[in-house]
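Let me begin by presenting the structure, written as structure tokens, before commenting on it.
The values are calculated or read from the model by the stated rules, or taken from the named source; none is laboratory data. Predicted model, so just to flag it, every value in this text is computed and none were measured. Positions of Cβ are generated from backbone atoms using ideal geometry, with glycine treated the same way; all protein chains shown enter the neighbour counts.
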Amino acid sequence: MPKQGLAWILLAGLLVSACSFAEPAVFPVLDAHDRALPILALDKVSVTGELRLDRAGTLKYSLEQAADIEDGSALELEYELVNAELPQSVRMVFSSEGEPSWLIPPDASFLGLSETGSPIYRYRFPLEGDSLSGFSLSIGVGDEAEKPKTVATGAIGKDSAAEAGNEKSTPSFFRLRALRVRDRVYGFAINKDHVFMSPYVFRAVNGTANEYVIDIAEKHRPLAPVGISINPLAASFRLRAGSAEFVADPLPEGMEPFRPDFASGVLPLVPHPVSLMYSGPVTTLLVAEAQPLPFPEPIPAEPGIILSYRKEAWRNGGFELFRWSRFPSILIFDTSDYTAQDRLFKRLAFFVEKAGFRGRIASDTEIAQLHAWNAHDYSAESLARFFEKARKTATRLNDDEKELLGILVANGIVRRAADSGIVPGEGAIVSISRESDKLLRNLFMVHECYHGLFFIDEDFRRFATGIYRNLPPDAMAFLHAYFDSMRYDVKDDFLMTNELMAYLLQQPVSLVPRYFGETLPSRLEKDVRRNKVLAKRGTGEIGWPALAEAFRQGALAYDGYVSNRWGLRAGKVSPVYQISRTSAAR
């Protein structure tokens, strides 16, 4: 923090001297459970918790009974500045027995946040002792001839000397509002009713971007794994946390910002220091103990971050469950292997998509030797049909399918009707597996998440229907033949539209010509029952250039749509992704 041009509050270890005066203070002191701790002011000045800013003074307090402090706790000081005009050399000193000294800025200007919209501040610093018995706060005034910094109520950091004619009708003073014992949280956040700040955070100007750094001393770090919170962002940013690094692409102009989530499982075991570089305003950057969610409550995360989530941080052996941060009605399953994924989704796959099985629930024995999919996606309607069919036919569900149904009901994707029937709710689910290699996990995540968007967004479905219906006849014939070889029900236009969309968007547009003009036709060429739809192979590097161009045009159209609509691209389903991985991402 800069030493000039700012007022500071200093928190220092100091014994509160004995005093015959003792009256209750007007502000509350709360323990970690929000229970009031009786507090006595040790002189008349201290009763109100107010100090003039233009003269020296001290507030002194004692708790009627020392409060026990748990390991990893912090003390939060809430205060405000009233009619505040701060000489550059004002120092404010807070004292608490058995604790180290702390400097607390009276506003957020040291972070470059001059306009916060609130004159109320909460500054939280770590406690080291196991009890709290008293404290004091003092003001020391230096060279009062220095030009004062005017801080107008409700507009912290604004210089209003000219407006006020360099005259003050009322004195400036500091008012202590409350003290609370809380968990350790570091960083800053501008809220509607207050500004939160802590030690160990500072701002650096890096070219045209703001860079905020939180570098916590090891002895003061939170005891449990931490998560990182930032405010909704629209421009590109770069977040570093220890050995992990995340980047975000900018959203198109006018698109609503969204808040990415960085749960503890995506961060390295030592996620310090933390830095955020961003070209726009930052109003929140917090490092705090992650609040564990009970399984199977979904963990909010972006698809690009889920790919790097540490498996040892999973709450369940067979799969971990996430909620897509930006599109929260879509749940994302990451399974430990294909066997675990089959237990959840194999019968669903045959019921929803496999020719010859659609609409009926096959027995495990019947499909034991058949392959389902290595990744899955299901709409609320398909899920409701499956579980309602099981209910009506008294089909026994396995334990994993029962667990899946509970998750769907808990998250509103399916609902139980008054007659106990299963009906569609809102949303969709997708699934990938850790058994897939890195390349396939990335491809499957993109493919399946675009399916999820297709299920929840009507305009996207209309656009996709137009692309499918306007395929050239030779491209349509090839598509049906290929999907038939994959055992899709090609008579279902909705299914074909959805699959074509995902196949076109699962990779960058530049890779589509080879994929549709060489890779897939080469596979179909070996199928003597279906290869009659293929023209004669050409002599060039891409054997079927007409197919390559037809599907390239479709991919270009899709790429433009998802870019304009959501700031996404073909081959990329999230603007946020990790570029350096933790040591145990797989």
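Computed values, structure above
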item: Pro473 of a type outside the set (A, V, I, L, M), surrounded by 15 or more Cβ atoms within 10 Å (Cβ to Cβ) and more than 38 Å from the chain's Cα centre (by Cα); result: no
item: Close pairs (8 angstrom Cβ cut-off, 6 or more residues apart or separate chains): under 14 Å from Ser329 (Cα atoms) in region 446-469, loosely packed, with under 15 Cβ neighbours inside 10 Å anywhere; result: Ile456/Glu426
item: Odd one out for Ala355, checked against (1) within 27 Å of Pro294 (Cα to Cα); (2) touching a residue at least 40 places away in the same chain (Cβ under 8 Å); result: (1)
item: In region 180-200, the residues that are more than 11 Å from Ile216 (Cα to Cα) and of a type in the set (S, T, N, Q); result: Asn191
item: Qualifying position, being more than 24 Å from Ser580 (Cα to Cα), in contact with a Leu (Cβ under 9 Å, 6 or more places away or on another chain) and among the hydrophobic types (A, V, I, L, M, F, W, C), among Phe262, Phe237, Phe295; result: Phe295
item: Qualifying residue in region 506-529 (condition: more than 30 Å from Ile456 (Cα to Cα), among the small types (Gly, Ala, Ser) and surrounded by fewer than 20 Cβ atoms within 10 Å (Cβ to Cβ)); result: yes
item: Gly227 vs. criteria assigned by TED's automatic domain parsing to the domain that holds Ala108 and assigned to a strand (DSSP E or B); result: no
item: Criterion: in contact with a strand residue (DSSP E or B) (Cβ under 9 Å, 6 or more places away or on another chain) and either within 30 Å of Leu223 (Cβ to Cβ) or of a type in the set (Asp, Glu) (or both) - qualifying residue of Glu312, Glu366, Glu302; result: Glu302
item: Those strands (runs of 3 or more DSSP E) lying entirely in region 95-202 with at least 2 residues modelled with pLDDT of 85 or more and at negative phi; result: 120-126, 131-140, 173-183, 185-190, 195-197
item: Where Val414 falls short, out of the listed (1) free of Cβ contacts under 8 Å to residues at least 12 places away in the same chain; (2) surrounded by 21 or more Cβ atoms within 10 Å (Cβ to Cβ); (3) of a type outside the set (Lys, Arg); result: (1)
item: Unique residue being in contact with a strand residue (DSSP E or B) (Cβ under 9 Å, 6 or more places away or on another chain), in contact (Cβ under 8 Å) with a residue 24 or more places away in the chain, under 30 Å from Ala36 (Cβ atoms) and not basic (Lys, Arg) when the list is Leu223, Leu276, Leu267, Leu239; result: Leu223
item: Candidate set: region 71-94, residues that are at pLDDT 80 or above and outside any strand (DSSP E or B); chosen: the one surrounded by the most Cβ atoms within 10 Å (Cβ to Cβ); result: Gly72
item: Glu289 touching a Gly at 6+ places or on another chain (Cβ under 9 Å), within 30 Å of Ser198 (Cα to Cα), surrounded by fewer than 19 Cβ atoms within 10 Å (Cβ to Cβ) and of a type in the set (Asp, Glu); result: yes
item: Which numbered condition Val409 fails, given (1) over 23 Å from Ala301 (Cβ atoms); (2) β-branched (Val, Ile, Thr); (3) surrounded by fewer than 21 Cβ atoms within 10 Å (Cβ to Cβ); result: (1)
item: Flag for Ala550 being over 36 Å from the mean Cα position of the chain (by Cα), exposed (fewer than 15 other Cβ atoms within 10 Å of the Cβ) and of a type in the set (Gly, Ala, Ser); result: no
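Results for (1) at pLDDT 85 or above; (2) touching a Cys at 6+ places or on another chain (Cβ under 9 Å); (3) in a loop (DSSP other than H, G, I, E, B), shown as yes or no for each residue.
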{"residue": "Leu11", "(1), (2), (3)": "no, no, no"}
{"residue": "Ala18", "(1), (2), (3)": "no, no, yes"}
{"residue": "Phe21", "(1), (2), (3)": "yes, no, yes"}
{"residue": "Ser46", "(1), (2), (3)": "yes, no, no"}
